[in-house]
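For reference, the structure is listed below as structure tokens.
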Amino acid sequence: MRLLFLGDIVGRPGRNVVCDALPGLIKRYAIDFVVINGENAAGGFGITEAILNDLIDAGADCVTLGNHAFDQKETLVYIERHDRLIRPLNYPKGTPGKGATLLKAKSGADVLVINAMGRVFMPDLDCPFRSIDAELTACALKQGADAIFIDFHAEATSEKQALGLFLDGRTSAVIGTHTHTPTADGRVLPGGTAYISDAGMCGDYNSVLGMDREEPINRFLTKIPKSRFEPAFGPGTISGLAVDIDDNTGLATKAGPLRIGPHLEPALPEFWATA
Ligand SMILES: [Fe+2]
Ligand SMILES: [Fe+2]
């Protein structure tokens, strides 16, 4: 099975580049399942139902969230209607929506997607390690699901690496999000779990984390907010991780960065072309 994950979509540049490129990528590389983090898709803050539907129409099988999950208040209501939109699992009990979803890939395989949030330099949620462990006990790889994908939305690389190794061999992939900056450590861990500390963002990289540079620079210089953060408006670059999964074991055989756009090197669709 071929799984593609794309990191946090930031604003219109991120949405445009993903919606333009994704249908062609799915066709060209015969991608079976696509997960996208959409927590910054609506002007940098949350996701509206209309944007969610656009991403699903473009080929997203599942959209994950993070600390910006409910920045758009409508999400508190419409998330209950959507199987393909999940928010971090370890939010307090009673939070609208769910943190895990079992979906069919194009191949017919059952894919369990789990979204969880870290706790280092982040809101103090329930323990992500124990929350995910409980889900995997209820729905283990090759018992409850043919493939299991984790979006771990966290700040600290140490917490992400610890979770990757904690779950190594029990999930197909553990992919970090939230920092909007891709890391170069994408690989398959010894136990067979594809891992990267951060998938990066889909947006304009000539920015501060996808936001227009002016206000972030002002706040670093003066400590006085002057205006709202607005997404940078230049052309977007796609950043994510491509993963090949062995259908028999549900574990990863190969993982590599997928980057398309003007900002990041390598601009690689060659990853799958050389398989
Ligand atoms: Fe984000
Ligand atoms: Fe985030």
> Taking a 24 Å limit on the Cα-Cα distance, which of the listed pairs 98/142; 73/104; 27/73; 106/142; 73/106 fall beyond it?
Replying inline: 73/104; 27/73; 73/106
> Under 19 Å from the Cα of residue 254, which aspartates and glutamates turn up, not counting those fewer than eight places away in the same chain?
Replying inline: 32, 146, 151, 168, 185, 198, 244, 246, 270
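Rounded to the nearest 500, what is the 222 nm mean residue ellipticity of the chain from helices alone, with -39500 (n - 2.57) per DSSP H run of 4+ residues and division by all residues?
Working: 7 runs with 68 residues, N = 275.
Counting only the DSSP helices, I get -7000 deg cm²/dmol.
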>> What does the charge count around residue 198 come to, taking other residues whose C-beta lies under 15 Å from its C-beta (Lys +1, Arg +1, Asp -1, Glu -1)?
In response: -3
>> Springs between alpha-carbon pairs under 10 angstrom, Gaussian network model over the chain: which of 189, 221, 76 fluctuates most?
In response: 221
> Counting alpha carbon pairs within less than 8 Å and at least 6 residues apart, what relative contact order, in whole percent, applies to the chain?
Replying inline: 19
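How many percent of the accessible area of the chain is carbon or sulfur, using a 1.4 Å probe? Could the numbers behind the result be given before it?
Working: 6200 of 11410 Å².
Percent of accessible area from carbon and sulfur atoms in the chain: 54.
For segment 127-275, what is the percent of antiparallel DSSP beta bridges, rounded to the nearest 5? Mind showing how you got there, number by number?
On the way: 13 of 23 bridges.
Percentage antiparallel, nearest 5: 55.
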> What share of the DSSP beta bridges in the chain is antiparallel, in percent to the nearest 5?
Replying inline: 45
> Say we join alpha carbon atoms closer than 10 Å with springs in a Gaussian network model of the chain; which of 92, 262, 13 then has the biggest fluctuation?
Replying inline: 92
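Can you give the relative contact order of segment 175-275 as a percent, counting alpha carbon pairs under 8 Å and 6+ residues apart?
Working: 202 pairs, mean separation 24.6, N = 101.
Across segment 175-275, relative contact order equals 24 percent.
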>> Quick check: Cα centre of segment 20-34 to Cα centre of segment 135-185, how many Å?
In response: 22
>> Going by average Cβ density within 10 Å per residue, which order do the peptides 202-208, 227-233, 149-155 take, highest to lowest?
In response: 149-155, 202-208, 227-233
>> Can you tell me, using C-alpha contacts under 8 Å and at least 6 residues apart, the relative contact order of segment 21-99 as a whole percent?
In response: 26
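Suppose R0 equals 22 Å; then what is the FRET efficiency for residue 161 and residue 254 from their Cβ-Cβ distance, rounded to the nearest 0.05?
Details: r = 20 Å, r/R0 = 0.90.
So the FRET efficiency works out to roughly 0.65.
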>> Counting heavy atoms of the protein chains only and a 1.4 Å probe, report the per residue accessible area for the chain as a whole number of Å².
In response: 41
>> Suppose each label sits 7 Å from its Cα in the direction of the beta carbon; what would the residue 214-residue 139 distance come out to in nanometres?
In response: 4.5
> Highest mean first, what order results for 128-135, 191-198, 54-61 on Cβ atoms within 10 Å?
Replying inline: 191-198, 54-61, 128-135
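The values are calculated or read from the model by the stated rules, or taken from the named source; none is laboratory data. Predicted model, so just to flag it, every value in this text is computed and none were measured. Every residue, glycine as well, gets a Cβ built from its backbone with ideal geometry; the counts of neighbours run over all protein chains shown. Each accessible area value is taken on the protein alone, full model and side chains, heavy atoms only, with ligands, DNA and RNA left out. Shrake-Rupley method; radii C 1.70, N 1.55, O 1.52, S 1.80 Å.
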